[in-house]
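Read-outs: derived from the displayed coordinates by stated rules, not from any lab. The structure presented is a predicted model; accordingly, all values stated were derived computationally and were not measured. Virtual Cβ from ideal backbone geometry, glycine too; neighbours counted across all protein chains shown.
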């Protein structure tokens, strides 16, 4: 079945770059997503990448996709304290119904 | 546009009691999702509606959970009777249509604590 794995915790200093990693199992996924969840809030879509792309850049965010290794990463440049949150990687289900399969989330702690 | 509205924000009940959650999706969104997020885990789909029909309810514990989407707009999710392991955040999301490529909007969720 589908499975998405993430490391649980990452701590960085303000101004440094953060890299959050994710591995997935379903090679037929069309889209891969990064969501951000702040305390007490719902999930906010940060960015997504289409499966035929290797890289996508959006301001401070860079997404890298390695389809051969089924590895996805999110790089946040110049990390700020406001970036402290839980980050979820997700893939769409093989049936393409819109259902998302989420990883367990990576807690990003940004120290001043 | 207004976001996805959910109520209540918080609920505490005793085990074996019943509880209901309500979701109002973005106007015009045909697809509505209910996800369960247990503490320390990613959200897991419970049920997906397309208008007022069910697309996927394979992960819904049907002996105790039920959901409906009357007239293809608002939706309610009910648990009866609740168990301790049902403690979680219940997230509602909507999208313009089903299928990949249609962005989701999530509500803020209902945090359920079963004691």
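So what is the relative contact order of chain B, in percent, for Cα pairs below 8 Å that sit 6 or more residues apart?
37 percent.
With a 10 Å cut-off around each Cβ of B:94-105, the average count of Cβ atoms from other chains is 4. With 5 Å bins beginning at zero, the pair-distance distribution over Cα atoms of chain A amounts to 2, 13, 24, 25, 20, 10, 5, 1, 0 %. Take each residue of peptide B:70-80, count the partner chain Cβ atoms within 10 Å of its Cβ, and average: the result is 0. Taking 0.890 mPa s as the viscosity and 25 °C as the temperature, the Stokes-Einstein diffusion coefficient of region A:52-112 based on its alpha-carbon Kirkwood radius rounds to 184 µm²/s. Using a cutoff of 8 angstrom between alpha carbon atoms and counting only pairs six or more residues apart, the relative contact order for chain A works out to 37 percent.
Using a simple spin-label model with pseudo-atoms 7 Å out from Cα toward Cβ, residue B:15 and residue B:70 lie 3.3 nm apart. For residue A:104 and residue A:75, the FRET efficiency from 1/(1 + (r/R0)^6), where r spans their Cβ atoms and R0 equals 25 Å, is about 0.80.
Taken over chain B, the alpha-carbon convex hull comes to 95 cubic angstrom per residue.
DSSP beta bridges fully contained in region A:4-112 are about 90 percent antiparallel. For the pair residue B:54 and residue B:41 in one chain, pulling the backbone fully straight at 0.36 nm per residue adds 2.2 nm over the alpha carbon distance. Take each residue in A:36-46, count the other chain C-beta atoms within 10 Å of its C-beta, and the mean is 5. The Kirkwood hydrodynamic radius of the protein assembly as shown, based on inverse pair distances between different Cα atoms, is 18.1 Å.
Cα centroids of region A:60-111 and region B:5-77: how far apart, whole angstrom? Answer, in whole Å: 24.
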